[in-house]
Structure formats: C-alpha cells, structure tokens
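See structure below.
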C-alpha cells in the first residue's frame, strides 16, 4: 500500500510549499526551507492545458448505432435438400460409420465438392429507402448477401455495384423509413482528433472502439488502392469491422474502415479508412451509371519518394514531388507538353509532397476536367493546363514484358566513368524488349561499385542520361563526357523485369 502513503506525503509537501509562499518574505525570522520553496515557484503564469477530460461516446453510439448493420456473405452455390439426400444415399454405410456424418465422396478429378465459404463485415445505411455502403472486399464474389439490422430484422441484399479500386460497394435492401447516418467533411479531419468505429469484429455486433486520427492523406503501399488518400487511425479494427463507419465526435461519418496493417492478422494499432467524400462520390456514380469513371493524366512516375541523391542529380531545391519516368503516348500529359524527367510539384492547386499524393487528386476527378499541373524542369517552374483523359477499366501495363536473358547485340567495350560496360541494341532486339525504334542502350556488365549499389544489373536498358535520350553506346558516352567523381548522374533505366525508373549514380573515383 505504498501509493496512498506517497500521495499523502505529496499533498503535505505541496501544502507546506503553498503556506511558505503565503508568508512575508521580508522577515528575518523566515525559515530557510520556506525561502527555498518560495524561490522555487515559477514567476510566469502556467500555460492552460491543451487537453482536458475524456469524451463520453454514449450519446453518439445511441444515435448512430441503429444505422450500422451486420453483413453476412456466402460464396459458392447452394445445394438443395433433395441433392444432399441423394448424395447421402450414395455413400455406403461402412463409410458413414467410419468417417461420421457429413462425409462426401471426392468429386471429378479427385476433388471434393467446393465448400460454401462464408464471410462477415459491417455496413451503414445512407438513405431511408435501403441503400447501404460497405467495402468491395466484403461482398466480392458473394452469391448471397444478408443484412441484419439492430432490431434483428434480416434482409437479402442486392449488390447495386462495387468498385475494387476504391474498395467501395453499394447494397440495397427492400425496406423503408430506415435510420441513416450523417456524413461529415473528410477534408477537415486532422491528426490528433478523436475517432470512433462501430462494427461487428469477429461477428460481435455493435462493437464500439475509439482512438485518434493518426495521419491523413496516407498512401497505403500495401493496398492496391492508389486512388484513395487514406485516413490512418489507431482505432481498434479487426476482421468483421470492414465496411463500418469511422465517426467524428459529432457522430458524422468521416470514413469507411477498410484495411489494417498487421503481422498477426489482428489489430496492431494501424488501421486505414476510406475518406467519406471519396466513398460517396463512388457511390453516387454507381447508383447513377453502374460504373465509376476516373480522370487520367497519362504519366508513370516513381512510386518511391525522390531521394537526396536524385534531387542533386536533377538540381532540385528539395525532394518534394513526383518524378515522371514515362509519358503515355497520346495521353493528356503528352498533349499538354509534360515530359519524362519533369517533377510534378502540384496538381489542381494541391502540393505534391510525395508521389502517392498525385493519383487521388487526378483519379477522383471526372474525365474531361481541366486542371493546372506545375512541374520543375531544368531548374525552372512551368505550368500546364491539362484536360484529363479517362482511366481504362483494365489499364495496360506500361512496363515492358519480363525477358529471360540480357541483350546480346554488338560487342561490349570497356567500362565507362560509371563503371558500366554497354552494348548497342538492334531493332529486332528492341521490338523483343518492347522498346521503340532507336531507343536505349543495354548494360552488358556492371563493374562500378556505385552502379551496383544503385541496383543496376546486366540486361537493364539505359533510355536517357538526365533528360537526353540515348540510342547507342557512343551517344551515352557523349553524355557522360566530363562527368567527374562525386558528380551525380541520372539514368532512366528499363529494368530486366519491366518498369522504368530514374537511377542516381555518384561515382567516387574508385569505380
């Protein structure tokens, strides 16, 4: 019982200090201890606390809870009772006794009949006539979708439509006068604000968890949802929470709980929600047209942030922006004048701090929208008016197909200043590698330490030195003429397994 005693002693000590301060300090008979205590008091007014008290979410849950539903899905065809009875009759008695009830003979090819898979999730009602929002992955490939309300009524739901890129799905149940949620403004969400989730983790309906907003505009590289600027939270989210609402303290939906980052499959303090404005935009398009249309700029950029070495190689003032490594022929970007090597700094007035900031800005606009794109090129800022194209449902990969071996045209020479031994390419090889006529020069060997550390390997193809295209060993050597140790060189490289990226190499003189 040490805690109560310590607390009591602390109270006495504070009281004594307060008493000492109240005594006159001019008297010669003031005890030395009291004088020391008086001198220790702060001379400035204490700052007001930035956080006081803890929220009570009771009223929020009472108001919003009835609009949150449990979703159960079934994957696989349902067998009729007569079919099950026929199968049962075909099984010899000895097998039923040995293996027990439920035994089934293997199907054709030695496979057992496909089991009926089941999954669960959460959703929330957005209109009184029965429209419900949830995640695409909750109802993906489902043959049956059942919705359970808080009053225990169950409905067969129809999937109006779903969008894998945003992980949003719209359901419809045949009901009227249903309770609905209120939607908030996701653009006002800030890190540190309280957030609440209501859902059915592991099937436990109407489970309430709370936490804070950890970050906004988050690009989740582990999810195939590049058009979603996620809200990151530390609200406890588990299996079954998917599709449920993320709420602010006013009881407004600010997001749909969609993903978790976990090494165990369970809650680890990092969860991601789809901003409600993104979700509602998708939902309205699905309800009106049955599909989602997105704007497309037509550039391929490096997924990783610009490094300090790359910034030095391109003479950039900092590492902000998205570095363009390809421009799709005939795209909106090409028509506007954007080029390979440009660094996109802003789009539609929004600053691009890292590459993942760009796709949501473009993808959440309708095709045909005109936006202003600002880039850095050769150290100068340039602006372009771009009329967005339309993102295809099945976008064609911009990367060249993987190739089993390296190029073998033309003799290899000596290593250049970067420690690269290069080979010329024939036009037949270029076609085989998915390159344009007169494009690129192949790497035969990598002898330089800096080039190896940059990830270059035989079979890679160098397309540009800086912003200048190269089509031969001689052309590449001309561009490298005058490069000295310690000077950073930017190479645009098509990798062996496809994909184009800028690589920064700084030879140190030992290469």
Take the residues in the stretch 401-421 that are surrounded by fewer than 11 Cβ atoms within 10 Å (Cβ to Cβ) and touching a strand residue (DSSP E or B) at 6+ places or on another chain (Cβ under 9 Å), then tell me which one is modelled with the lowest pLDDT.
411
When residue 290 is evaluated against the numbered criteria (1) surrounded by fewer than 23 Cβ atoms within 10 Å (Cβ to Cβ); (2) without any contact (Cβ under 8 Å) to a residue 60 or more places away in the chain, which criterion, by number, is the only one it fails?
(2)
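Here's the yes/no breakdown for (1) outside any loop (DSSP other than H, G, I, E, B); (2) farther than 15 Å from residue 193 by Cβ; (3) touching a helix residue (DSSP H, G or I) at 6+ places or on another chain (Cβ under 8 Å):
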residue	(1), (2), (3)
208	yes, yes, yes
212	yes, no, no
220	no, yes, no
226	no, yes, yes
231	yes, no, yes
242	no, yes, yes
249	no, no, yes
255	yes, no, yes
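Results for (1) part of a loop (DSSP other than H, G, I, E, B); (2) at pLDDT below 90, shown as yes or no for each residue.
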position: 366; (1), (2): yes, no
position: 376; (1), (2): no, no
position: 383; (1), (2): no, no
position: 394; (1), (2): yes, yes
position: 399; (1), (2): yes, yes
Among the residues in the stretch 365-373, are any buried (at least 17 other Cβ atoms within 10 Å of the Cβ) and either assigned by TED's automatic domain parsing to the domain that holds residue 277 or within 26 Å of residue 489 (Cβ to Cβ) (or both)?
no
Which of (1) more than 17 Å from residue 466 (Cβ to Cβ); (2) modelled with pLDDT under 95; (3) surrounded by fewer than 22 Cβ atoms within 10 Å (Cβ to Cβ) does residue 341 not meet, given it meets every other one?
(1)
Residue under question is residue 266, and the condition is that it be surrounded by fewer than 17 Cβ atoms within 10 Å (Cβ to Cβ) and touching a residue at least 12 places away in the same chain (Cβ under 8 Å); does it hold?
yes
Take the stretch 460-479 and flag every residue that is farther than 14 Å from residue 492 by Cβ and either touching a strand residue (DSSP E or B) at 6+ places or on another chain (Cβ under 7 Å) or outside the structural domain of residue 426 (by TED's automatic domain parsing) (or both).
472, 473
Tally, over the stretch 178-205, of residues that are at positive phi and at pLDDT below 95
2
Given the condition modelled with pLDDT of 95 or more, within 18 Å of residue 243 (Cα to Cα) and not in a loop (DSSP other than H, G, I, E, B), answer yes or no: does some residue in the stretch 98-119 qualify?
no
Given the criteria surrounded by 11 or more Cβ atoms within 10 Å (Cβ to Cβ) and either modelled with pLDDT under 80 or assigned to a loop (DSSP other than H, G, I, E, B) (or both), does residue 34 qualify?
yes
Flag for residue 208 being modelled with pLDDT of 95 or more, over 18 Å from the mean Cα position of the chain (by Cα) and surrounded by 15 or more Cβ atoms within 10 Å (Cβ to Cβ):
yes
Residue 79 vs. criteria in a helix (DSSP H, G or I), farther than 30 Å from residue 283 by Cβ and modelled with pLDDT under 95
no
Got a number for residues in the stretch 306-363 being over 13 Å from residue 504 (Cβ atoms) and either part of a loop (DSSP other than H, G, I, E, B) or without any contact (Cβ under 8 Å) to a residue 24 or more places away in the chain (or both)?
20
Taking the criterion of being closer than 19 Å to residue 251 by Cβ and at pLDDT 95 or above, would at least one residue in the stretch 156-174 satisfy it?
no
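The values are calculated or read from the model by the stated rules, or taken from the named source; none is laboratory data. Since the structure is predicted, the reported quantities are computational estimates derived from the model, not experimental observations. Glycine gets a Cβ as well: all are built from the backbone with ideal geometry, and neighbour counts include every protein chain shown.
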